[in-house]
């Protein structure tokens, strides 16, 4: 009965704060002539662009992510832990900072000027896809790599002794074992690319629009709730369809395992040079936009080293562009992050605990799987759609959240909740069952065994989950652009104001603040990747000791 009560609490939270506004969005989309809305050329162009760029971005992420997963997880190489953390930084960065980085990168005088490929590199579509790869290929690397490192090398070694080459072993043995992780990771990346808002808004410059930007334009600029609702309905149905395909095809949960196991790996040898080269090219491409942001933050228009942009962070920008200073926006974001992290961390850990409990019957296993999907679904719904749902649902009435500053951190916490579940759940499932069962035999309750035995064993994953939830929350831009105004503006929304009208020192201030965010993001990601004294290792490694 205690477990049912805990499920009731978790379900009440997600029902009110996620499914209720989503139902209002779906209802709004079905009102009126939605067929006509979807048939408009501008809307069809946005839908088509969203689908094909997400598909291409996902394929390119797979091409770059698989070699990196092999080099950084399957093989032992110097500095692998640092590189794994470095590649995760783009995923955790605020999308507005990523967009700023690629805006700087795009404006550089590079080799393509005056060549036949100049139009290709001047196209906003090129940079949108490049930014999506930059942000998401680490998802492929981390999800596939975490699965790859846990696989026993015995079959591969036996095949090698029989004369099979590396490529043959990969296609015949490794790839079939990695298929569930590849499907989960690929569809996760596809969802992220279809739900991208800040990158398309900034890099598209109004010339290219996706479903997300069209929703924002319809709701904010034209006050056309019918069109916004129809597009939000389409986006939600697309997300649910992709999510259903991914969970059916992969037959495994989407996971973001934070454990990096170095035991039993073979070092990189000469035959690995092609994949090592691809990995290093990916790393350098990852470093380029971040390095340019930091460089611009410390140099003035004449190219001299300066700290004036950092000193200007306490002002309202050139010509008092901002309603509040960047420092005040940072405090708003910090306050929101605390609330969002507590919501995502506590509810996510509770859900992970409940999902990790053993089930005795087939009906209970199906119920647990269904509940897993209930709490995973926010992963595939965009913040723009959810923010629009909050505008419709909580503007007045019994829960007028729209007029409260709490509305933004609540959305941020809900969007980070599935990530917390995905990080904590594998750690709890890997915890020692023998110790928990012994504690139960000695008279300890299930909750007491969890807090005294399982939770300490999963402490590293829980800490990492809270850290990732904080970083993801501070960078949320889509919902904040709809819900945060005036003195409640957040750091990403203020950064967007600065780069939209960059006159005077505004552009430099955006660079300086972005450099600070990059440093903080890397610190959190790297701290989460540090080795723990007690680490749960894969079964094939535990059996060997």
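The values are calculated or read from the model by the stated rules, or taken from the named source; none is laboratory data. Because the structure is a prediction, the values reported are computed rather than measured. Note that we place each Cβ from the backbone using ideal geometry, even for glycine, and neighbour counts take in every protein chain shown.
Is it the case, given these coordinates, that residue 65 is touching a helix residue (DSSP H, G or I) at 6+ places or on another chain (Cβ under 7 Å), on the phi < 0 side of the Ramachandran plot and in a helix (DSSP H, G or I)? Yes. Within the stretch 31-46, the residues that satisfy the criterion of being touching a helix residue (DSSP H, G or I) at 6+ places or on another chain (Cβ under 7 Å) and in a helix (DSSP H, G or I) are 34, 37, 38, 43, 46.
Here residue 311 meets each of (1) surrounded by 15 or more Cβ atoms within 10 Å (Cβ to Cβ); (2) assigned to a helix (DSSP H, G or I) with one exception, condition (1).
If a residue has to be assigned to a loop (DSSP other than H, G, I, E, B) and touching a residue at least 60 places away in the same chain (Cβ under 8 Å) to count, how many in the stretch 479-529 make the cut? Walk me through it before giving the result.
Pass one, the stretch 479-529, residues assigned to a loop (DSSP other than H, G, I, E, B): 484-485, 489-490, 501-505, 529.
This time we only want the ones that are touching a residue at least 60 places away in the same chain (Cβ under 8 Å), so: 484, 489-490, 501, 503-505, 529.
The number of residues fulfilling the criteria is 8.
Provide a single number: the residues in the stretch 102-118 that are touching a helix residue (DSSP H, G or I) at 6+ places or on another chain (Cβ under 8 Å), in a helix (DSSP H, G or I) and either farther than 19 Å from residue 286 by Cα or modelled with pLDDT under 85 (or both). Final tally of qualifying residues: 4. The residues in the stretch 34-68 that are in contact (Cβ under 8 Å) with a residue 12 or more places away in the chain and over 28 Å from the mean Cα position of the chain (by Cα) can be counted, and the count is 4.
Return yes when residue 331 is without any contact (Cβ under 8 Å) to a residue 24 or more places away in the chain and on the phi < 0 side of the Ramachandran plot and no when it is not. Yes.
Between 281, 347, 337, 275, the distinction of being closer than 30 Å to residue 505 by Cβ and either in contact with a helix residue (DSSP H, G or I) (Cβ under 8 Å, 6 or more places away or on another chain) or assigned to a helix (DSSP H, G or I) (or both) belongs to 337 only. Each residue in the stretch 193-250 was checked for being touching a residue at least 12 places away in the same chain (Cβ under 8 Å) and assigned to a helix (DSSP H, G or I), and 40 pass. Scanning the stretch 186-205 turns up one or more residues that are out of contact with any strand residue (DSSP E or B) (no Cβ under 7 Å at 6 or more places or on another chain), surrounded by fewer than 18 Cβ atoms within 10 Å (Cβ to Cβ), at pLDDT 75 or above and closer than 25 Å to residue 231 by Cα.
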